[in-house]
Amino acid sequence: MEHNFIYNLINSDIVAIIAIILLPLIFVLIYALIAILGELKIASFVQERLGPMRTGPWGIIQPVAEVVKLIQKEDITPAAADKKLFNLAPYIMFVGAFAAFAVIPFGPAFVPADINLGLFYLFAVGAFAIIGIVMGGWASNNKYSLLGAMRSAAQIISYEIPAGVALLAIASLAGSLNLNEIIESQSGWFWNWYLFGGDGPIWKIFVIPFTLILFIIFLVSTLAETNRTPFDIPEGESEIVAGYHTEYSGIKFAMFFFAEYANMFVVSALITILFLGGWNSPFGDFMSGPIWGAFWFILKAFFFVFVQIWLRWTLPRLRVDQLMYMGWKVLVPFSFVCFFAIAFWAMVK
Amino acid sequence: MGLLDRLDNPYNFGGIILGTLEDLLNWGRSKSDWYLHFGLACCAIEFMAANASHFDFMRFGTIPRASPRQADFMIVSGTVTLKMAERIVRLYEQMADPKYVLSMGSCANCGGPYWEHGYHVLKGVDRIIPVDVYIPGCPPRPEAFLEGMILLQSKINKQEIFKKRKRLEEEMKNMNQ
Amino acid sequence: MTQQEIYNILKEKFGDEIIEFSHELPSDPYIVANRSKIDEICLFLRDEENLNFDYLVILSGMDYIEKLGVVYHLYSIKHKHRLTIKVFLSKDDPHIPTVEKIWRSADWHEREAWDMYGIIFDGHHNLIRILCPYDWEGFPLRKDYKTPEEYHGIKVPY
Amino acid sequence: MSERRKIEFDYSGVDTDRMRVNVGPQHPSTHGVLRLEVELEGEIVTEVVPHIGYLHRCFEKHAEAMTYPQVIPYIDRMDYISSMNNEWPYVIAIEEMCGIKVPEKVEYIRVICAELNRIANHQIAVATFGLDAGAFTPFLYLFRDREWILNLFERISGGRLLYNYFCVGGVRGDVYPTFKEDCLDIVRQVRATNKEIMDLLIYNHIFVERTANIGILPVDVAINYGCSGPVLRGSGFPYDLRRSEPYSIYDRFDFDVQVGKGEVGTVGDCWDRNIVRMREMEESCKIIEQAVAQMPDTGDVFEAIPKKIRVPKGEIYRAAENPKGELGFYIVSDGGQKPFRVRPRATSFINLSVLPEISKGYMLADLILILGSIDIVLGEVDR
């Protein structure tokens, strides 16, 4: 708990815990609104148009309108659906996405739960999303939903493996599964980031290609895990209507919607932690400190959220079997090669 | 526009914007309209043009949804045939309340050029589902379509949710008596 | 090859099955054939080396008020010549052999002719309505067709 | 990834249920109101049954009830993406029956309009094809350019989408003074965007993977099914009415008939059909440039328009190269003011009939792409 300024400030258990829980929740809600607006505005920018313009100046409170609308929509549960699972699925999905925020270190002074197995926990909770998706898709009793859920399950499980191997490689470099320790081991200038082989003597340049490839593998895998283009086949609009959430409306759809954006942030944060030095400033001691740490962390994470949105409006969609091919025959072997190289480097360092 | 425009309303004193909950709800619904595009014929192409960068239908806060469950209003653009009529009714019923229908083009309004000899054409989509806004034209220009969208938004803005509920409750009471 | 020459070849091969050849300007020339062996005539037209009508341009059903008809427009991509064959059918017995085995595009055309005119193509594998709903009544393009008042409870006339 | 050709699974030892899915009539990517009854084995399509007629607007019945010029607006509404091209075979047929010779200037205006409309049609075809593959942005880029062409059409005919511009013996309005410059502007703009689309979409690695070796249509099958236009040419067969039987003044222009060559996959796959459309836009640009250079500045476009159209008794079939293929009209006249019968050779209707043949054994996602590559317009399929 020493990494938590609230705990140090108040030092009262229950109030501190509530505050610690609330802070990420508020962050998620605000972030989701920003991300939705970002999605609309970036899409518009890419496509040479303006995007929402009629809600506030430049349409910046558009997401608020969406939320206000979504909470007053009729909440339909189809008669043929499995009602319990159907109603539970979106909340599981959202809980899964939100639980990941428990260990994300926003700055040197704020980690909601500083546990030793942070990386492992994050990885485990990240897989929670497919339970929600498969549940929702199956319970909807809709063929498109079922197809979408099946695709999603196959996709997420396949891409956990290269992502997991990438995590292992970084863990072996850092010698820890604690997220804060991983970040601290990358402190200093930006060439100490694991993207560039981590801290080490000059002949670490031999390992830089492997970490760079690993970074790309991890980026691709996370795109697949969050169902973003070019891997958005679980909700591929042109084929299976809206995929697993075809039958969802109103607030339950909003949960799926929020969870998707929350997941985007989680994986972006993970990339930041593992490869870009988390809350470390890129310029050594310059602009570093608790507040600046949070700034750098959110800036880096938002950059990857932006990359995901950018890719979505640029690339076409892959097909299911191509996705599997890519996962098993390209990413998995390459990630193993990188893992061995990096582990060897970690040994001899 | 919407809530922010109501600076001249009776609840307003000294720069503070006040409104009723109804205003907020109406504002949300009118500014965030997700549509189900029921593209049927020629009008669908003009609708696509309205959706594209040149006219940018998204400015109004609309987002296309492929699933009727998540849509707020349906755009019926084109000739409705008898074979299609039942499908339109079914999709309309699948949409979540509150829902609206925008009839685009003469064919959907009244049968258009097919009104006389079209043995297989439904003479107006309002024979099977309630329509909120009619847009004339064969096909309507994208500008006409945008005008229709503004009309729909202003219609939503003027809805009286709570009064209607009260009235319905009274009617129910009277019926029970 | 001109249509007159094709007519001569056909007349020689099929004799009485080919009834007449008409060529009055400004109309296109056409050949009138008997319905009973139209599938054999078509197969011959497709497979004969110097005719080679491999492309069925269009197959239309017709209503000539007192009788029905089927018109075949053929084209040879190789020799670049066209041919029009007409077959007349009586309204009481609108049966004609199918040509869907010869040109696969005839499949949908014949279904359409059945849908619109009620012409029955003997031997067609799936002769059901194509444009109108499957439970539609009557043949809309016949000249004496009356628009129904109601379909599934929906009023049809304006 | 490209070694995977066609998916063939041996399911003999497995007891599975096949799933029948209804794709359409309201579906994001059936290009209108087509309904496909698809039988799926997992994700593999085992059977496709198209159900059409959801937009059956009784064109042929209307044509019998209208006078000859009144039919033209209904013809516009058949293939509503390429109206100018639609009107052409109809007016050619009637002009031939009545023995009308149209002025030189009208011929050039018609060629330019038809080619511009061909570009507009192919832009929509490529755009929606990209949309089916999940690429939304090229769709908007192509629609942005299409606006230029529509603006020009609006200036000469008054309509954005449905023009009613060609009439028997001429066109409904003369061109405006800066017409030629505008045409050349459009050609420049189209070329610039097409270059961008080539990079962004056509040669995008993911797009190539998605569309190459998918939905292969052999040329003999295509001919037997009566396919025409880019669907037939994509299979490598150079059949183009503008070249094989030049109507109007197409024998005066120098252009190539583009065919699919199987550059990234097999000849006749989805990518080939799509690239034929992309390259035909360039050919149309060439024709427009030549036509603009040759077009006479003076001349009365109304001089050959008859006051009253009375078509002599008889029948005629005339076809023209529509962007989607050979569009023809079989017109039977009984000598009156109304046609006895107008029977269109609906290209999309015939091209669509090949879909069940070429989509078996591919995945559901491929089926959508195969459908997109055929480029149908339901208004013409159902008439």
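Per-structure values
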quantity	calculated
Relative packing of A:289-296, C:37-44, which averages over residues the other C-beta atoms within 10 Å, highest first	C:37-44, A:289-296
Centroid-to-centroid separation of the stretch C:83-158 and the stretch A:39-71 [C-alpha atoms, Å]	51
Distant-in-sequence amide H partners of B:Thr81 (H built 1.01 Å from N, under 5 Å)	B:Leu122
Beta bridges by DSSP in the stretch B:7-155, antiparallel share as percent, to the nearest 5	10
Average accessible area per residue (Å²) across the stretch B:97-177 - probe 1.4 Å, nucleic acids and ligands excluded	52
Gyration tensor (alpha-carbon) shape descriptor, the stretch A:6-139, a/c threshold 1.5	oblate
Chains A and B, summed buried accessible surface - 1.4 Å probe, Å², nearest 100	2900
The stretch A:233-349: C-alpha gyration tensor shape, a/c 1.5 cut-off, then a/b vs b/c	oblate
Heavy-atom accessible area per residue - chain D, 1.4 Å, Å²	29
Kyte-Doolittle mean at least 1.0 and Cα axial length at least 15 Å: DSSP H helices in chain A	A:13-46, A:83-99, A:128-139, A:143-174, A:208-225, A:250-275, A:290-312, A:332-348
Accessible carbon and sulfur surface of the stretch D:59-382 relative to its total accessible area, %, 1.4 Å	51
Average other protein chain Cβ within 10 Å of Cβ, residues A:69-81	4
Under Karplus coefficients 6.51, -1.76 and 1.60, residue-wise ³J(HN,Hα) of the stretch D:204-220 in Hz, glycine/proline x	4, 4, 5, 5, 4, 4, 6, 10, 6, 6, 10, x, 6, 10, x, 5, 5
Buried solvent-accessible surface, both chains (B, C), 1.4 Å probe, Å² to nearest 100	1300
GNM top mover of A:Val46, A:Val241, A:Val103 - chain A, alpha-carbon springs below 10 Å	A:Val46
Rounded to 5, percent antiparallel among DSSP beta bridges of the protein assembly as shown	75
Packing-based order for A:265-273, C:6-14, D:307-315, using average beta carbon neighbours within 10 Å, highest first	A:265-273, C:6-14, D:307-315
Normalised contact order of the stretch D:59-382, rounded percent, pairs of Cα under 8 Å and 6 or more residues apart	26
Angle between chain D longest axis and helix D:137-157 axis [Cα atoms, degrees, rounded to 10]	10
Average other protein chain Cβ within 10 Å of Cβ, residues D:71-81	3
Heavy-atom surface of the stretch A:106-225, accessible at 1.4 Å and reported per residue (Å²)	37
Chain B - percent of accessible surface contributed by carbon and sulfur, probe 1.4 Å	56
Span from the the stretch B:37-80 Cα centroid across to the the stretch B:129-177 one, whole angstrom	18
Expected 222 nm ellipticity per residue - DSSP helices of 4 or more, -39500 (n - 2.57), all of chain B, to 500	-12500 deg cm²/dmol
Principal-axis tilt of helix D:364-374 within chain D, Cα atoms, nearest 10 degrees	20
Under-5 Å amide H pairs with C:Ile19, H placed in peptide plane, nonlocal only	C:Val32, C:Ala33, C:Asn34
Nearest 10 degrees, 0 to 90: helix B:142-157 Cα axis against chain B principal axis	40
C-alpha center-to-center spacing [the stretch D:257-280, the stretch D:236-255] in angstrom	19
Amide proton proximity set for B:Val101, modelled H, under 5 Å, gap of 5+	B:Met74, B:Asp132, B:Val133
Relative contact order (%) - criterion: Cα under 8 Å, at least six apart; region: the stretch C:3-155	17
Estimated buried accessible area (total), pair D and B, 1.4 Å, Å² to nearest 100	3100
Highest to lowest packing among B:167-175, A:302-310, A:201-209, scored as the average C-beta count within 10 Å	A:302-310, A:201-209, B:167-175
Peptide D:339-345, shielding by other chains (average Cβ, 10 Å cutoff)	4
Sequence-separation-based contact order of chain A, relative, with Cα cut under 8 Å and 6+ spacing, percent	22
For the stretch B:106-149: rounded, prolate or oblate by the Cα gyration tensor [a/c cutoff 1.5]	oblate
In Hz, Karplus ³J(HN,Hα) per residue of the stretch C:108-123 (6.51, -1.76, 1.60; θ = phi - 60°; x = Gly, Pro)	6, 4, 5, 4, 5, 5, 5, 4, 8, 10, x, 7, 9, 9, 5, x
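The values are calculated or read from the model by the stated rules, or taken from the named source; none is laboratory data. Only a predicted model underlies this, so the values are computations on that prediction, with no experimental measurement involved. No Cβ is skipped: glycine too gets one built from the backbone with ideal geometry, and neighbour counts run over all protein chains shown. Calculation scope for accessible area: heavy atoms of the full protein, side chains included, ligands and nucleic acids excluded. Shrake-Rupley method; radii C 1.70, N 1.55, O 1.52, S 1.80 Å.
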